[in-house]
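Only one structure is covered here, and it is reproduced in the block below.
The values are calculated or read from the model by the stated rules, or taken from the named source; none is laboratory data. It should be emphasised that the depicted structure is a prediction, and the values quoted were computed from it without experimental measurement. Ideal geometry is used to build each Cβ from the backbone, glycine not excepted, and the neighbour counts take in all protein chains shown.
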Amino acid sequence: MKAEGGFQGPRVRVRTKADGRGKTAAAYLLILWNRRRTVRRVGSLGRVEFEPGFYVYAGSGGANVLKRIQRHLRPSKPRRWHVDYLTSGPGRMRPVDAYALPGFSECRLAQRLGRRLAAVRGFGSSDCRCAGHLYYAPGLERLQAAVEPLMSASAR
Ligand SMILES: [Zn+2]
């Protein structure tokens, strides 16, 4: 199976830190690669322009976080959340990495990412006050520099 098709793909590693009792109730980060500039229709947001480079999405999976991440990796699925418009269909963004982060809420992850990265306004944040739950960096190193401290800070 190709990287974007499954959990075991060579380019997608799901890193988790369980809470010590085997629970992984968690928010998560999904890193996506956008090959070229695209304008996509994103549900209620309408048309949104995406630059070539890397995006990181902060979401909440609760106790089902790993299943939620697996869903994002499937190239075909019903479009329910804003992020589904990025990860489905032709020209979709390719998953690069996924992290389950016990001890964080999706909004706290988004706020922390917003200190270092540019938000896609309103993306995934219809129900909260965050600038957005999707952040952009032109290069993977810069994006990972924003993500790695969150991984370190996640609950053990
Ligand atoms: Zn939020």
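Summary table
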read-out	value
Complete set of residues in segment 60-74 that are without any contact (Cβ under 8 Å) to a residue 40 or more places away in the chain and either closer than 22 Å to residue 143 by Cβ or away from the ligand (no atom under 16 Å from the Cβ) (or both)	61, 64, 67, 71
Unmet requirement for residue 97, which otherwise passes all of (1) within 16 Å of the ligand (Cβ to nearest atom); (2) closer than 15 Å to residue 32 by Cα	(1)
Inter-residue pairs, beta-carbon under 9 Å, first of a type in the set (Lys, Arg) and in segment 75-89, second part of a loop (DSSP other than H, G, I, E, B), 6+ apart	77/88; 79/88; 79/89
Contacts under 6 angstrom Cβ, first residue in segment 40-53 being on the phi < 0 side of the Ramachandran plot, partner of a type in the set (S, T, N, Q), 6 or more apart	50/34; 50/38; 52/34
Some residue of segment 129-150 being within 16 Å of the ligand (Cβ to nearest atom), in contact with a strand residue (DSSP E or B) (Cβ under 6 Å, 6 or more places away or on another chain) and in a helix (DSSP H, G or I)	no
Residue match in segment 103-113 (condition: more than 16 Å from the ligand (Cβ to nearest atom), closer than 25 Å to residue 43 by Cα and aliphatic (A, V, I, L, M))	no
Strands (runs of 3 or more DSSP E) completely within segment 1-53 that count 1 or more residues being among the β-branched types (Val, Ile, Thr) and modelled with pLDDT under 90	14-16
